[in-house]
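Have a look at the structure below, then the notes.
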Amino acid sequence: MAVCSGGLVAPPFDLSAIRAGAGPWPRPARGPARAIRCCCYARPDPTPPRRLLLLSAKASAAASPERVHGSKPIARGRRRVGLTVTPSLPFPSSRSRRQPKQNDFYPRCTPRGPAPQSRDTPPKRDTGIASEKEWGINLLDEAVKESGTNEDGSTWYRESGEDLGENGYRCRWARMGGQTHDGSTEWKETWWEKSDWTGYKELGAEKSGKNAEGDSWWEKWKEVLHQDEWSNLARLEKSAEKQAKSGTENAGWYEKWWEKYDAKGWTEKGAHKYGRLNEQSWWERWGEHYNGRGSVLKWTDKWAETDLGTRWGDKWEEKFFAGIGSRQGETWHASPGGDRWSRTWGEEHFGNGKVHKYGKSTTGESWDLVVDEETYYEADPHYGWADVVGDSSQLLSIQPVERPPGVFPTIDFSSSPPRTEEPPGMPPSSLE
């Protein structure tokens with residue numbers, strides 16, 4: 001079953017194609033369907049919002065970025081620490097979380113229950129990893145395979161089932177979808193939960209869609225609970241991938257978010273982002289690492305470019321442990337003719353109220369001084385193990401297949417750490 005091995009049949013589309021225009025939307029594999037005539041009629045509205053929310057932004061690129069680096073101490077508990085780094089990226093982020101209406105697509109009327117309602121709208125930029133409640137995954141306890149045609153010609157399908165495997169593996173899944181009579185608007189959504197005798201549990205969802213104007217989107221969300229084979233500690237991981245592409249503009253974006261936690265306070269968080277709006281492209285990567293014993297590493301790298309060859313960016317990094325650490329960063333700009341401007345800066349925190357600050361730029365600026373300044377940083381994540389466990393009740397409630405007496409799970413100690421996957425179109429982050 002493709003659902004348990006990899007989610008939807010259609011893979012995410014390639015954003016690198018936006019320079020040449022949108023490619024065709026992949027069609028789902030279709031098997032024999034049982035047509036059901038609807039007993040009531042309600043006019044569907046199958047077209048999501050006319051614009052992908054971020055793609056309506058029209059802005060001009062700034063000539064050069066500015067780094068805002070204040071000397072005031074940063075209050076404890078803030079999300080970002082050390083400094084505020086803002087390259088002049090001309091693309092606003094929409095944080096709207098409008099919930100789609102359940103009756104936006106198809107009328108409620110089939111012999112076994114209501115037809116599946118499309119909840120699909122384009123994903124929103126910079127909204128991170130959604131919660132279990134926001135996805136609302138609800139798997140059935142019985143196998144279902146249904147399809148139908150509404151009076152306006154739009155069609156729908158719904159399937160659910162269960163797959164079993166070795167080592168107590170079980171995957172319960174459901175998938176649903178629909179399209180208008182001419183195929184111009186289409187949506188698909190898949191849910192699943194997996195478990196086995198090792199204590200592994202996974203809850204996930206994947207959805208995609210397109211509208212009559214050619215806008216298309218894809219989104220995947222997943223939570224995983226497992227026991228580390230070497231440390232014997234419980235680990236909980238959350239991730240999200242989102243992608244949207246305009247059908248009317250040379251524009252699109254991709255984001256990958258992840259969070260990883262263990263029961264002793266080790267935490268890793270990060271994101272990779274990429275986007276394009278007509279002649280401008282931008283990238284962003286950031287990460288946070290907490291070892292659970294007071295050591296913290298945080299970093300951010302942002303850059304952008306135009307088709308004419310202008311590039312600009314900003315990056316910074318901080319490392320701290322027991323009140324001692326450092327911060328450093330760079331802001332840079334490069335013109336199509338090869339001229340390059342940059343400003344680098346750094347801080348050394350000695351843990352005794354003294355901070356060494358230094359820096360220079362290609363225009364002749366320089367500074368090197370020691371000042372009396374308190375050191376502030378976050379040694380622990382603002383959202384940690386206790387928080388993520390409390391927000392993952394549906395994942396934790398997954399029940400594995402009952403293990404017979406005397407049968408023990410097989411654990412593979414030879415497995416290597418997962419590869420770090422780079423999102424599409426990620427060039428080097430700086431110029432030499």
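The values are calculated or read from the model by the stated rules, or taken from the named source; none is laboratory data. None of these values were measured; they are calculated from a predicted model. Glycine gets a Cβ as well: all are built from the backbone with ideal geometry, and neighbour counts include every protein chain shown. These accessible areas exclude ligands, DNA and RNA; they are computed on the full protein's heavy atoms, side chains included. Shrake-Rupley method; radii C 1.70, N 1.55, O 1.52, S 1.80 Å.
Descriptive notes on the structure:
- Here the extension length gained between Trp367 and Arg403 equals 6.3 nm, from 0.36 nm per residue of separation less the Cα-Cα distance.
- Dividing the convex hull volume of the alpha carbon atoms of segment 187-288 by its residue count gives 83 Å³ per residue.
- Taking segment 132-397 and dividing mean pair separation by its residue count, relative contact order in percent (alpha carbons under 8 Å, at least six apart): 9 percent
- Calculated P(r) of segment 132-397 - Cα pairs past 36 Å, %: 38 percent
- Seen through its C-alpha gyration tensor, with square-root eigenvalues sorted a ≥ b ≥ c, segment 273-348 comes out oblate because a/c lies at 1.5 or above while a/b is not bigger than b/c.
- Think of each Lys and Arg Cβ as +1 and each Asp and Glu Cβ as -1; about the Cα centre, that makes the dipole of segment 192-307 roughly 320 debye.
- Multiplying the residue separation of Ile324 and Ser342 by 0.36 nm and subtracting their alpha-carbon distance yields 3.8 nm.
- Inverse of mean 1/r across different Cα pairs in segment 208-249, Kirkwood, Å: 12.9 Å
- Thr149-Ala386 FRET efficiency (beta carbon distance; Förster radius 51 Å; 0.05 resolution): 0.55
- Per atom type, segment 132-397 shows carbon and sulfur on 47% of its accessible surface, probed at 1.4 Å.
- Solvent exposure of segment 271-353 as accessible area per residue, Å², 1.4 Å probe: 38 Å²
- Principal axis dimensions, segment 371-410 - Cα atoms, whole angstrom, descending: 67, 23, 10
- Since only Ser208, Gly384, Trp303 are under comparison, the one whose Cα sits farthest along the positive direction of the charge dipole of segment 132-397, derived from C-beta charges on Lys, Arg, Asp and Glu, is Trp303.
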